[in-house]
Amino acid sequence: MFVNPAEWHEICAKMFTTVGVPEEDAGLVADTALTADIRGVASHGSVRLPVYRERIQRGLINPTPSIRIVNDCPTLVHLDGDNGLAQVVDNKAAQIAAERANEYGVCCVATYNTNHMALLSHYGLKIAEQGLIAYIMCNTPPFVATMGAAEPVIGTNPICWCIPGKEFPIVLDMAISPARGKIKNAAAAGKPIPEGWALDKNGRPTTDAAAALEGMLLPIAGHKGYGIGVVVEVFSALLTGGKYGKNVTHPLDDYDHKPNCGNFIMALDPSKIMAEEDFVRRVDDYVQMVKSSKKSSPDADILFPGELEHRNELLVAERGLEISDETYQQYKSMVGQ
């Protein structure tokens, strides 16, 4: 079924006000989920909300955190999230980063003692909407084997850039490994995965999706992806005070521990380097240059990072947001509708 995004936002927000989350904060959680759903990244959208809600009910997430600045200088801020919802903590972090970048040209905010961040580009887009460049990192539980290892040591460690543009923002939001969600889908369908994606539990290469889920992922581009993953771990966990490496517990699946996730958000104001309109014009010129390059075939579609998601947003604006009947009824029952 197709629903009005505003209606879905209201239902998603009520899932949290009914378990003690303040109305404004519940709206931030719904905002983040809707961004993912609308941009076609459903794996990081409203599908996650029942887990967040249950973790609040079990006392694993603080519904009313007292977020505080631990260390502060004009362009570097350290936030203690008080085990709050990451959507609340990191929205505050993004807001601080943007405000100070407008004043000083750049600002980095490191957060710790928080939870699952969901879609990194949600926060990046909020920053890019203000004409700023965003750079965001977070670490995850260890799912990825390092080069030469036969056990997972580092996370999928997403990294994200959002850059303001004329028609749509350039958005690169990626992990340093193949997506576990795609492997789960392949396992459910009984289909193989490509070579080079994963190792089984004994450290042997496998194309069996089920064996991959029991084993570990491989980093993209070999040692290059591994190196990027290490750097992300340093910025988002070692630097912030969050858990790292084998110490990271799963912020969704582990119901015995509070995860203490760490994140890193940076905002940069290009207008402190050149006039804002000049920067946007140069970005648009570059986009058009790439997209007008010679095609490999007549029907090839040359896309820019973030363009598919932008197209999905336009499609949702026309027809509404596609939600399964089962999910729609399940969520409405949670909020007593």
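The values are calculated or read from the model by the stated rules, or taken from the named source; none is laboratory data. Remember, it's a predicted structure, so these values are computed and weren't measured experimentally. Note: ideal-geometry Cβ built from the backbone for every residue, glycine included; neighbour counts use all protein chains shown. Keep in mind that these areas ignore ligands, DNA and RNA; they rest on the heavy atoms of the full protein, side chains included. Shrake-Rupley method; radii C 1.70, N 1.55, O 1.52, S 1.80 Å.
Any chance you could count how many residues in the range 258-271 are under 21 Å from residue 51 (Cβ atoms) and either touching a helix residue (DSSP H, G or I) at 6+ places or on another chain (Cβ under 7 Å) or surrounded by fewer than 21 Cβ atoms within 10 Å (Cβ to Cβ) (or both)?
So the count comes out to 4.
Just name the residue that is farthest from residue 204 (Cα to Cα) out of those in the range 143-158 that are among the hydrophobic types (A, V, I, L, M, F, W, C) and under 18 Å from the mean Cα position of the chain (by Cα).
Residues of the range 143-158 that are among the hydrophobic types (A, V, I, L, M, F, W, C), as a first pass: 143-145, 147, 149-150, 153-154.
From what's left, under 18 Å from the mean Cα position of the chain (by Cα): 143-144, 154.
Details: 143: 15, 144: 13, 154: 18 Å.
My answer is 154.
Would you check which residues across the range 185-230 are of a type in the set (A, V, I, L, M, F, W, C), open to solvent by less than 20 Å² (accessible area, probe 1.4 Å) and part of a helix (DSSP H, G or I) and list them?
Passing the criteria: 186, 209, 212.
For the range 258-305, name all the residues that are under 29 Å from residue 76 (Cα atoms) and assigned to a loop (DSSP other than H, G, I, E, B).
258, 259, 260, 269, 273, 274, 275, 305
Can you tell me which of (1) outside any strand (DSSP E or B); (2) open to solvent by 20 Å² or more (accessible area, probe 1.4 Å); (3) closer than 20 Å to residue 46 by Cβ is the one residue 173 doesn't meet?
(1)
Taking the range 238-257, which residues are open to solvent by 50 Å² or more (accessible area, probe 1.4 Å) and either outside any loop (DSSP other than H, G, I, E, B) or at positive phi (or both)?
238, 246, 247
Among the residues of the range 137-148, is any outside any loop (DSSP other than H, G, I, E, B), closer than 23 Å to residue 89 by Cβ, open to solvent by 40 Å² or more (accessible area, probe 1.4 Å) and at pLDDT 95 or above?
Looking through the range 137-148, none of the residues is outside any loop (DSSP other than H, G, I, E, B), closer than 23 Å to residue 89 by Cβ, open to solvent by 40 Å² or more (accessible area, probe 1.4 Å) and at pLDDT 95 or above.
Limited to the range 139-181, what total is found for residues that are over 20 Å from residue 234 (Cα atoms) and among the aromatic types (Phe, Trp, Tyr)?
Total satisfying the criteria: 1.
In this structure, does residue 331 turn out to be in a helix (DSSP H, G or I), surrounded by 13 or more Cβ atoms within 10 Å (Cβ to Cβ) and in contact with a Cys (Cβ under 8 Å, 6 or more places away or on another chain)? Full working, then the answer.
Values: in a helix (DSSP H, G or I): yes; surrounded by 13 or more Cβ atoms within 10 Å (Cβ to Cβ): yes; in contact with a Cys (Cβ under 8 Å, 6 or more places away or on another chain): yes.
Spelling it out, residue 331 is indeed in a helix (DSSP H, G or I), surrounded by 13 or more Cβ atoms within 10 Å (Cβ to Cβ) and in contact with a Cys (Cβ under 8 Å, 6 or more places away or on another chain).
Restricting attention to strands (runs of 3 or more DSSP E) lying wholly within the range 1-115, give those where 3 or more residues are in contact with a Gly (Cβ under 7 Å, 6 or more places away or on another chain) and modelled with pLDDT of 95 or more. Steps first, please.
Numbers: elements: 68-73, 76-84, 106-114.
Ranges flagged: 106-114.
Just give me the residues in the range 282-307 being touching a Phe, Trp or Tyr at 6+ places or on another chain (Cβ under 7 Å) and surrounded by fewer than 12 Cβ atoms within 10 Å (Cβ to Cβ), in sequence order.
Across the range 282-307, the qualifying residue is only 290.
Tally time: how many residues in the range 143-176 are over 17 Å from residue 117 (Cβ atoms) and of a type outside the set (A, V, I, L, M, F, W, C)?
Qualifying residue count, the range 143-176: 9.
Six or more apart or on different chains, Cβ atoms under 8 Å: show the pairs whose first residue is in the range 31-46 and closer than 11 Å to residue 118 by Cα and open to solvent by 50 Å² or more (accessible area, probe 1.4 Å) and whose second is of a type in the set (A, V, I, L, M, F, W, C) and not in a helix (DSSP H, G or I).
Listed pairs, sorted by first residue: 43/179; 44/118; 44/119.
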